[in-house]
Amino acid sequence: MTRQEQMPLTWNHGDEPEGEWMLPGECPVRTNRTLLLEMAARLLFPTVLVFSVYLLIVGHYAPGGGFAGGLVAGLAFVLRYIAGGGTEGAEIGTRLNLRPPLLVGLGLLLAVISAFAPVAFGRPVLASAKFSADVPVLGHVDLVSSLVLDVGVYLLIIGVVLDLLRSLGSGIERDAREARP
């Protein structure tokens, strides 16, 4: 009997992991979490996220970009998950009302639209344009249209990492709950 036959799918629970095939053998003991790791994760999490946005923005002119920035942001979520388990890691997306499949879809949509948008102006696929402006506080700012592609890839990678944490972590959390005396 499949999950769909058991209960109707709702918007909030339609993409939850359902299989038992990802459960590990041994259960982690949640009472042995270290305070040092949790404090380090709480301090590093926002810093790493800001660094990932920096990598996203400077990616056109320096090493970085959407993929590297997304991976760094994903590592921040992994660090938070390792430090705090399901209540701190993958659940962050839930607290912010972020749904990983929607992030993946939005990122993919942005990337595809930004890739094919130059075709509408008679340019080849993935062609880039540069816009310059003088912003009062920031000074002279150059924006490249490929930043939209990088933002799409950034969102896609974050969505994939959050979905992996949610899928793999739910089995670990469920296994840990069942192992408690």
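The values are calculated or read from the model by the stated rules, or taken from the named source; none is laboratory data. What you see is a predicted model, and the numbers here were worked out from it, not measured in a lab. Reconstructed Cβ throughout: ideal geometry from the backbone, glycine too, with neighbour counts over all protein chains shown. Heads up: the accessible areas ignore ligands, DNA and RNA and are worked out on the full protein's heavy atoms, side chains in. Shrake-Rupley method; radii C 1.70, N 1.55, O 1.52, S 1.80 Å.
I need every pair where a residue in the stretch 60-71 that is on the phi > 0 side of the Ramachandran plot has its Cβ under 6 Å from the Cβ of a residue that is assigned to a loop (DSSP other than H, G, I, E, B) and open to solvent by 10 Å² or more (accessible area, probe 1.4 Å), sequence separation at least 6 or different chains.
Partner pairs satisfying both residue conditions: G65/G59.
Considering each residue of the stretch 148-181, count those that are out of contact with any helix residue (DSSP H, G or I) (no Cβ under 7 Å at 6 or more places or on another chain) and modelled with pLDDT of 90 or more, and give that number.
0
What residue, among those in the stretch 134-150 that are in contact with a strand residue (DSSP E or B) (Cβ under 8 Å, 6 or more places away or on another chain) and under 17 Å from H60 (Cα atoms), is least open to solvent (accessible area, probe 1.4 Å)?
Within the stretch 134-150, the match that is least open to solvent (accessible area, probe 1.4 Å) is V144.
Checking the conditions here, which among G69, G93 is at pLDDT 90 or above, out of contact with any Lys or Arg (no Cβ under 6 Å at 6 or more places or on another chain) and either open to solvent by 40 Å² or more (accessible area, probe 1.4 Å) or of a type outside the set (A, V, I, L, M, F, W, C) (or both)? Before the answer, list the steps.
On the way: G93 fails: at pLDDT 90 or above.
None of the other options fit; the residue is G69.
Hey, any hits in the stretch 37-45 for a residue that's under 24 Å from A111 (Cα atoms), open to solvent by 20 Å² or more (accessible area, probe 1.4 Å), aliphatic (A, V, I, L, M) and at pLDDT below 95?
Scanning the stretch 37-45 turns up no residue that is under 24 Å from A111 (Cα atoms), open to solvent by 20 Å² or more (accessible area, probe 1.4 Å), aliphatic (A, V, I, L, M) and at pLDDT below 95.
Which of the residues spanning the stretch 110-127 are outside any helix (DSSP H, G or I) and open to solvent by less than 50 Å² (accessible area, probe 1.4 Å)?
Across the stretch 110-127, the qualifying residue is only A127.
Looking at (1) closer than 20 Å to Y54 by Cβ; (2) surrounded by fewer than 18 Cβ atoms within 10 Å (Cβ to Cβ), find the lone condition where D175 falls short.
Going through (1) closer than 20 Å to Y54 by Cβ; (2) surrounded by fewer than 18 Cβ atoms within 10 Å (Cβ to Cβ) one by one, D175 breaks only (1).
Does the stretch 126-147 contain any residue that is among the β-branched types (V, I, T), over 25 Å from D175 (Cα atoms) and at pLDDT 90 or above? Please lay out each step first, then the result.
Filtering the stretch 126-147 down to residues among the β-branched types (V, I, T) leaves 135, 137, 141, 144.
Next, only the ones that are over 25 Å from D175 (Cα atoms) stay: 135, 137, 141, 144.
Adding the requirement that they be at pLDDT 90 or above leaves none.
Scanning the stretch 126-147 turns up no residue that is among the β-branched types (V, I, T), over 25 Å from D175 (Cα atoms) and at pLDDT 90 or above.
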